[in-house]
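Just so it is clear, none of the values below were taken in a lab; they were calculated from the coordinates. This one's a predicted model, so the numbers in the text were calculated from it and none came from an experiment. Methodologically, a virtual Cβ is constructed for each residue, glycine included, from the backbone with ideal geometry; neighbour enumeration extends over all protein chains shown.
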Amino acid sequence: MTLRLFNSLTHAKEALTPLTPPKVGLYTCGPTVYNYQHVGNYRTYIFEDVLVRTLKLLGLTPYRVMNVTDVGHLTSQGDEGEDKMEVGAAREGKSAWDIAKFYTDSFLADCKALELLPPDVLCRATEFIPEQIALVQRLEKKGFVYQTSDGLYFDTTKLPDYGKLMTKEHLEGLKSGARVEENAEKRRLTDFALWKFSPQGKTRQMEWDSPWGKGFPGWHIECSAMAMKFLGETLDIHCGGIDHVPIHHTNEIAQSEGATGRPFSKIWLHGEFLLMNNAKMAKSSGGFVRLADLVERGFSPLDYKYHCFTAHYRKQLDFTWESLESSKTARRRLAEAARALGGAPAKPGCAEFSARFKDALSDDLNVPAALAAVWDALKSDLPDGAKKAFLDEAESVLALDLFSSPAEVAEDPAVTRLLAERQRARSDKNFAESDRLRQEIEALGWIVKDTKDGAKAVRK
Ligand code: AMP
Ligand code: ZN
């Protein structure tokens, strides 16, 4: 079955034709670890997880690389402002290195709770500085680089098709000077930093020697350098959130293609935003919901995942507590129907629904249509064994933990609250507090079980 994906580069659905089948090399931009990730970020990682799992379902072998940005992402998109890692360090009175470790661990714990498959390679920008310097040198040799008092910049006029990923709206925005807080020494708005010097007379927490002077890499260069290190000069697929189109991915393409003269990625996929109060959920705005906040209100992280499955990844999705409640109910009903199949051994006979499920996913990852096939199969008069076989297949992509036993879960609100507090303590790496809360729950007559669906309390 052919997987068709909407390529942001060509604005069309295209058949995936891997460079070296069955392997599919894909790169997905990861978190900037100066703060917690919010559920909006997780919407993007959930769509990428569905992609990886769909590739496997279709008999392909995905090889996924994800970066962790732990240096060089500045507070302004215009190569000005402070490094977000240093902002996080100052906020919390810790070192930038400690901040990076803490929020990377928190991110990984949340991914686990959402049943997201770990990438094959998780690479931190700070671990690949020599590769980034080498790529800048390669660009320098080809005449793409100029130096100012504060760093090295990519000269975007030297690449004839610079900006090819941008839409008409992005280009119009550029003309009207939409980017603010620009660096005065840059020759033009679109040029971007490849290497920034440490400020005169100041020692940064994160800095390295380079042929041009002490400093740190620009944000975009890490992705080009690490993607090419692990996946070669041309990738099959590159993914990220839609906000990366006009700057981060546009500049990744410029650096990579400038250096190699080859296409950087055959397909570019972009997930749309999760909105809150009609605006993009973002750390900078007030509306910032963490996974731990959901758990505190009695939701499973997988209820949120189900919520993401109610919309196609290229459509905006609203986050409201009411809609999350509906998703929780829907997922519970689905799990009940799954459990009602009892121990029926999986048997063939679900070809029609299985084909519908695969067709939907093969059509640019249409998860809402795939989910509809699951509901229809459960309501159908197929024998239990056939339903079970189909559900096993669907779970390999959806990973909603439908076969767990919600009946075991404590309905006692006091226990639910303590479980949520324990989850928060764990995600804060406060294990002493987490142990104390476990004992408190046990004193109330429950045992804490860490399941694939997060922590559950069962009667002693
Ligand atoms: P960051 O940690 O800011 O670098 O973002 C990590 C990922 O989350 C990137 O792929 C972003 O494009 C994506 N992202 C950020 N905000 C949202 C949102 N509100 N909805 C969906 N994805 C988002
Ligand atoms: Zn990136």
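Cα-based values for the stretch 310-460, radius of gyration first and Dmax second, are 18.4, 52 Å.
Here the peptides 337-349, 222-234 are ranked by packing, the mean other Cβ count within 10 Å, and the order with the highest first is 222-234, 337-349. Placing a label point 7 Å from the Cα of M1 along the Cα-to-Cβ direction, the residues of the stretch 365-396 whose backbone N falls under 17 Å of that point are 365-378, 387-396.
On full extension, the segment bounded by W321 and L171 gains 50.4 nm, given 0.36 nm per residue less the C-alpha separation. Along each principal axis, taking the top coordinate minus the bottom one, the Cα set of the stretch 415-457 gives 26, 22, 14 Å in descending order. Pairs of Cα atoms nearer than 8 Å and 6+ residues apart set the relative contact order; for the stretch 409-459 it is 38 percent.
Mean separation of Cα pairs under 8 Å and 6 or more residues apart, divided by the residue count, gives the chain a relative contact order of 18 percent. With R₀ set to 25 Å, the beta-carbon distance separating I447 from A344 gives a calculated FRET efficiency near 0.30.
Modelled this way, with points 7 Å down the Cα-to-C-beta line, the labels at W97 and E80 are 3.3 nm from one another. Run the quick spin-label model on E185 and T10: label points 7 Å from Cα toward the beta carbon, then report their separation in nm to one decimal. Using points 7 Å along Cα→Cβ, the separation is 4.2 nm. Computed log10 I(q)/I(0) for the chain at 0.06, 0.07, 0.08 Å⁻¹: -0.29, -0.39, -0.51, from the Debye equation with unit scatterers placed on every C-alpha and solvent omitted.
May I ask which of K101/K229; K347/K379; K142/K229; K56/K283; K358/K449 have a Cα-Cα span longer than 28 Å here?
Working: K101/K229 23 Å; K347/K379 17 Å; K142/K229 20 Å; K56/K283 33 Å; K358/K449 34 Å.
Too far apart for the 28 Å limit: K56/K283; K358/K449.
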